[in-house]
Amino acid sequence: MTIDDFPVWARDGHWQSVVQQLESGCYFPDSVRRVEIDKPDGSVRLLGIPTIRDRVIQQAIAQVLTPIVDPEFSDNSFGFRPNRNGHQAVKGNKDRTTMLPQRLISGLHKQIEKVGLIHAEDIEDGYGDVYLPDALARKYPRAAQEMAWQFLFPSSKIGRDPRSGDLRRHHLHPAALSKQISAAVRAAGINKPAKSHSFRIAFA
């Protein structure tokens with residue numbers, strides 16, 4: 001069924017049947033069509049395309065829930081939002097912008113202050129420079145010790161950089177983030193596997 005066929009399909013009584021299934025909790029979406037999209041690096045990105053019926057249901061639910069769960073931070077949101085579009089969200093097919101809840105902003109400011117204190121102590125102890133790609137390090141030789149280039153979630157310890165052998169503070173180990181996500185998934189009662197890549201897929 002195409003989007004042009006949907007109005008006739010709905011008027012023929014099929015939509016009322018869908019509504020009854022949704023209200024009774026026995027509606028099951030159709031299988032998603034998998035499509036591979038080529039990426040510049042030679043790999044492929046998997047894209048799931050739902051049926052017209054399921055896509056209409058998704059959009060209908062979003063139109064009801066968005067004003068409830070996202071009434072305040074649309075100014076920090078891009079793509080599929082009122083008065084926003086994908087062109088604002090993706091710049092040159094490289095950078096992506098996603099939502100930032102207002103209640104997290106205060107915590108992020110505190111985290112930046114914390115990183116500033118850690119960075120100042122590292123400099124006093126003779127460290128304080130962060131790894132930068134070679135070309136960037138050559139272009140901005142002093143940037144490695146600037147606060148703007150430090151990791152927002154740094155490691156708790158100074159470690160040896162395997163590339164250069166220098167001692168420096170790297171970012172938080174990915175395993176630490178994975179543990180926090182797993183704990184949050186269990187606390188939320190989600191009975192499906194969820195990893196950090198799930199967020200990447202959700203906002204791709």
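The values are calculated or read from the model by the stated rules, or taken from the named source; none is laboratory data. Since this is a predicted model, take the numbers as computed values, not measurements. Every residue, glycine among them, receives a Cβ derived from its backbone with ideal geometry; neighbour counts consider all protein chains shown. Protein only, heavy atoms only, side chains kept; ligands, DNA and RNA dropped before computing areas. Shrake-Rupley method; radii C 1.70, N 1.55, O 1.52, S 1.80 Å.
Quick notes
- Taking the numbered list (1) modelled with pLDDT under 75; (2) under 17 Å from the mean Cα position of the chain (by Cα); (3) open to solvent by less than 50 Å² (accessible area, probe 1.4 Å) in turn, Thr66 passes all entries but (2).
- Being of a type outside the set (Val, Ile, Thr), touching a Pro at 6+ places or on another chain (Cβ under 9 Å) and either within 30 Å of Leu104 (Cα to Cα) or open to solvent by less than 90 Å² (accessible area, probe 1.4 Å) (or both) is a condition met by at least one residue of region 30-52.
- Of all the residues in region 188-199, those that are open to solvent by less than 90 Å² (accessible area, probe 1.4 Å) and assigned to a helix (DSSP H, G or I) number 2.
- Of all residues in region 128-156 being in a helix (DSSP H, G or I) and farther than 19 Å from Leu172 by Cβ, the one that is most open to solvent (accessible area, probe 1.4 Å): Arg138
- Restricting Leu117, Leu177 to residues that are closer than 26 Å to Phe199 by Cα and assigned to a helix (DSSP H, G or I) narrows the list to Leu177.
- Remark: pairs (first residue in region 8-30, under 17 Å from Arg55 (Cβ atoms); second residue among the hydroxyl-bearing types (Ser, Thr, Tyr); Cβ separation under 8 Å; 6+ apart in sequence or on different chains) = Val18/Tyr27; Gln21/Tyr27; Pro29/Thr51; Asp30/Thr51.
- Tally, over region 167-181, of residues that are free of Cβ contacts under 8 Å to residues at least 24 places away in the same chain and open to solvent by less than 50 Å² (accessible area, probe 1.4 Å): 3
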